[in-house]
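To start, the structure itself, in structure tokens.
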Amino acid sequence: MAQLQRIAIAPFQIQENLITLTKEQQHYLRRVLRLRTGDRFIAMDGKGKWWLAQLAAEQAQILETLTVETELSVAITLMIALPKGNGCDEIVRYCTELGVTCIAPVLSDRTLLNPSPQKLERWRRIAAEAAEQSERAFVPTILDPVAFTTAMTASQGNHCYICEGRGNYPHLNNVIKSDPPEIVIATGPEGGWTQPEIEQAIASGFQPVSLGRRILRAVTAPVVAVTLISANCQV
Ligand code: SAM
């Protein structure tokens, strides 16, 4: 099955055992992937379901439902204070490949960017492409940005961490308990978190953690954090 091409479809495109393909999907399957009528591909709904499908005229026939076991055992919510420029594109792409469940952009004291609806749309598209590429069953959810304070109040739980490069905090690798069901991890912008933000996070139950003695870029830190969590969950 590994060599079959994959495309993401919306659940409403399926009726009975037929997938109605959009013009863009038909173009992508026939012109970009060079598939012909009768060729097989994998359709995924981004919500855990995969189907083996066969290309027909403007539709595809579902041949069978497939089992996918590529998800981590832990649900990771990555809270990111948005970096400058297109840095978030890379974070979304790499963290999707690594298995993140949800990306929650936050507007922090030193965040320069308040993203446009087009940027959000772009990140959601990148997440869908990266999920297809990495054979994920789920496309991570990219939430609308909210203020840091709102995000902190909404995410109180047992396994919430905030990455802070300065200070004598324990390494993330040493604090992750084996196989928690959910983890929330927050990483800051280029200028870092402010002291009041760190204090508010602690008050909301977030544990400050280190990712090592070197200061990582705002784009590198989330990738390292998600890598460490996924390595500890061993899937
Ligand atoms: N200007 C900040 C400073 O000098 O401390 C550095 C900010 S860093 C570029 C961006 C974010 O990445 C930080 O807010 C933090 O969340 C995370 N980060 C970078 N290096 C880290 C480390 N060694 N340990 C924990 N978090 C780190």
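The values are calculated or read from the model by the stated rules, or taken from the named source; none is laboratory data. Note that the coordinates shown come from a computational prediction; the quantities given were computed from them, not determined experimentally. In this analysis, Cβ positions are derived from the backbone assuming ideal geometry, glycine residues included, and neighbour counts consider all displayed protein chains.
So which residues in the stretch 1-21 are touching a helix residue (DSSP H, G or I) at 6+ places or on another chain (Cβ under 9 Å) and either farther than 19 Å from Ile126 by Cα or of a type outside the set (S, T, N, Q) (or both), if there are any at all?
The answer is Arg6, Ile7, Ala8, Ile9, Gln13, Ile19, Thr20, Leu21.
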Item to complete: Could you please give the count of residues in the stretch 160-188 that are surrounded by fewer than 20 Cβ atoms within 10 Å (Cβ to Cβ), of a type outside the set (Asp, Glu) and over 30 Å from Ser116 (Cβ atoms)?
Response: 13
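Given the criteria farther than 30 Å from Ala10 by Cα and modelled with pLDDT under 95, does Gln234 qualify? Lay out the reasoning, then the answer.
On the way: farther than 30 Å from Ala10 by Cα: yes; modelled with pLDDT under 95: yes.
In short, yes.
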Discussion item. Out of everything in the stretch 198-227 that is away from the ligand (no atom under 11 Å from the Cβ) and buried (at least 21 other Cβ atoms within 10 Å of the Cβ), what residue ends up being nearest to Asn168 (Cα to Cα)?
Written reply: Phe206
Item to complete: Just one of (1) more than 14 Å from the ligand (Cβ to nearest atom); (2) under 18 Å from Val100 (Cβ atoms); (3) assigned to a loop (DSSP other than H, G, I, E, B) trips up Ser230, so point out which.
Response: (3)
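In contact with a helix residue (DSSP H, G or I) (Cβ under 7 Å, 6 or more places away or on another chain), away from the ligand (no atom under 13 Å from the Cβ) and assigned by TED's automatic domain parsing to the domain that holds Thr101 - does that describe any residue in the stretch 155-173? Give the derivation first.
Narrowing the stretch 155-173 to residues in contact with a helix residue (DSSP H, G or I) (Cβ under 7 Å, 6 or more places away or on another chain): 161-164, 172-173.
Among the residues that remain, those that are also away from the ligand (no atom under 13 Å from the Cβ) are: none.
No; the residues of the stretch 155-173 include none that is in contact with a helix residue (DSSP H, G or I) (Cβ under 7 Å, 6 or more places away or on another chain), away from the ligand (no atom under 13 Å from the Cβ) and assigned by TED's automatic domain parsing to the domain that holds Thr101.
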Response to the item:
When (1) part of a helix (DSSP H, G or I); (2) out of contact with any strand residue (DSSP E or B) (no Cβ under 8 Å at 6 or more places or on another chain) are applied to Pro180, the one that fails is (1)
Discussion item. Can you go through Ala137, Ala104, Ala127 and tell me which one is within 16 Å of Val226 (Cα to Cα) and either away from the ligand (no atom under 16 Å from the Cβ) or of a type in the set (Asp, Glu) (or both)?
Written reply: Ala127
